[in-house]
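Data first, discussion second: the structure below is written as structure tokens.
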Amino acid sequence: MSTNSFGRMFTVTTWGESHGPALGATVDGCPPNIALEPEMLQQWLDKRKPGQNKYTTQRQEADAVEILSGVFEGRTTGMPIQLMIRNTDQRSKDYSDIMDKFRPGHADITYWQKYGIRDYRGGGRSSARETAARVAAGGVAREALRSLLPDLRITGYMVQMGDRAIDRSNFDYNQIEQNPFWTPDAQAAADWADYLDRLRKSGNSVGAIIEVTARGVPSGLGAPVYGKLDTDIATAMMSINAVKGVEIGAGMGAATLTGEQNADEIYMSDKGPVYSSNHSGGVLGGISTGQDVVCRFAVKPTSSILKSRKTIDKAGNETEIITKGRHDPCVGIRAVPVGEAMMACVLLDHVLLHRGQVGENQGRIG
């Protein structure tokens, strides 16, 4: 069992390695007659691709996506969609010094213990490069959602770098694409620029917290027990390379609230039920409420750093390691479009599941 696939109705299987000739995704279950051209997917890959500024890895990849199947005359056919992204700027020699050593904080040691073989060139399958395939697949999901739910908007942004969080009172959606950190707080962006530049020059790295919000999600998506919408979102985000924690709505903070504080009071409006707050993150009992679906995930610091760290080699000898090559000082920056892509894939999967079982929501209010 390879476990390289996710989704039930809308399924995605990613393939390829960081330093192989190409990587990509096989997407199945996309509805037919959805308009789809490579440039529709490319806009999202351009957000994720490396080398765009000094705050990301300087590996130069065009990340140009090719559609090999499942599309005819610019429209999906309902057949599997094969997406491919060629690797063009690998420097495998940068990793020759660590072929027998395990990088602390990286998957090197667990891959070796499990499989007895590992692609040490950039981490192979454990590399964040794998996420390019997810973003391409997420682009397909976005186009299908655009057709099925035209009012849906998925937006990701960074809310914390290291121990430096944004000021929510400065939150401005219009600022997100105006800085290299995809943050809605312009003041935080200026602070992070100086902070990360110093870390980068010292050969160090830092983690981050990303928030993804889906606005315009209809009520009724998800199921009460094993098919919960928030369960699938958490699973999808947790599967992203370097993610170590996920929360929905108030998340861990809900443990600090009383029942009175946590309850999102319900009122009636001329458009239906409305809520006084959104501690639930838009999901109650595994089913969407119609509010914004809000998710956050924590990305650990990049493990490949220019700092000497103690480790062992395959023979069990104690040694030290410094990882050369080109790496992100804060991999959380490029995780923003990846989180958006995973949210899109999960939402489309649940839209199709809901449509197949229920059709339209059965319970009417008012």
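The values are calculated or read from the model by the stated rules, or taken from the named source; none is laboratory data. Please read all numbers here as calculations on a predicted model, not as lab measurements. Here the Cβ positions follow ideal geometry from the backbone for every residue, glycine too, while neighbour counts run over all protein chains shown. When the accessible area is computed, the model is the full protein with side chains, heavy atoms only, and any ligands, DNA or RNA have been set aside. Shrake-Rupley method; radii C 1.70, N 1.55, O 1.52, S 1.80 Å.
The 1.4 Å probe gives accessible areas that order Trp44, Trp192, Trp112, largest first, as Trp112, Trp44, Trp192. What the phi angles of segment 292-299 give under the Karplus curve with 6.51, -1.76 and 1.60, with θ = phi - 60°, is a coupling list of 4, 8, 10, 9, 10, 9, 9, 10 Hz, glycine and proline written as x.
What percentages, rounded to whole numbers, describe P(r) for segment 184-245 computed over all alpha carbon pairs with 5 Å bin width beginning at zero? Histogramming segment 184-245 at 5 Å steps yields 4, 12, 16, 16, 16, 13, 9, 7, 6, 2 percent. Remark: accessible surface ordering of Lys324, Lys228, Lys310 (largest first) is Lys310, Lys324, Lys228, probe radius 1.4 Å. Between amide H atoms placed 1.01 Å from N, distances below 5 Å from Thr323 occur with Ile305, Lys307, all of them 5 or more places distant or on a separate chain.
Counting only heavy atoms of the protein chains and using a 1.4 Å probe, Ser205 has close to 20 Å² of accessible surface.
Relative contact order (percent) for the chain, with alpha-carbon contacts under 8 angstrom and 6 or more residues of separation?
Details: 775 pairs, mean separation 79.6, N = 366.
Across the chain, relative contact order equals 22 percent.
Two numbers describe the Cα atoms of the chain: Rg and Dmax, which are 21.2, 71 Å.
Determine the calculated [θ] at 222 nm for the chain from helices alone, applying -39500 (n - 2.57) to every DSSP H run no shorter than 4 residues and normalising by the residue count; nearest 500 deg cm²/dmol.
On the way: 7 runs with 93 residues, N = 366.
When only DSSP H runs of four or more count, the value is -8000 deg cm²/dmol.
Once you divide the Cα radius of gyration of segment 104-165 by 2.2 N^0.38 Å, the number left is 1.67. Shape summary: segment 266-321 maps onto an equivalent ellipsoid whose semi-axes, from the alpha-carbon gyration tensor, are 52, 12, 7 Å in decreasing order. Selection among Thr213, Ser280, Met161 by position relative to the dipole of the chain gives Met161 as farthest towards the positive end (Cβ unit charges, Cα centre). Judged by the ratio a/c of the largest to the smallest principal axis of the C-alpha gyration tensor, segment 88-208 counts as oblate, that ratio being 1.5 or greater while a/b is no larger than b/c. Tilt of helix 131-148 relative to the longest C-alpha principal axis of the chain, in degrees (0 to 90, nearest 10)? Approximately 20 degrees, to the nearest ten. Backbone geometry of segment 307-313 corresponds, through the Karplus equation with coefficients 6.51, -1.76 and 1.60 at θ = phi - 60°, to 3J(HN,Hα) couplings of 10, 5, 10, 7, 7, 10, 10 Hz, x marking Gly and Pro.
Rounded to the nearest 20 Debye, what is the dipole magnitude of segment 111-198 about its Cα centre when Lys and Arg each give +1 and Asp and Glu each give -1 at the C-beta? Kindly include the intermediate steps, with their values, before the conclusion.
Numbers: 12 positive and 12 negative charges, 142 e Å.
Dipole magnitude for segment 111-198 comes out near 680 debye.
Ligands, DNA and RNA aside, Arg129 has an accessible area near 20 Å² when probed at 1.4 Å. Only alpha carbons enter this Debye calculation for segment 253-350, each as an equal point scatterer, and the log10 of I(q)/I(0) it gives at q = 0.12, 0.20 Å⁻¹ is -0.68, -1.08.
Which values of log₁₀ I(q)/I(0), to two decimal places, follow from the Debye formula for segment 197-287 at q = 0.17 Å⁻¹ with a uniform point scatterer at every Cα? The computed values of log10 I(q)/I(0) come out as -0.87.
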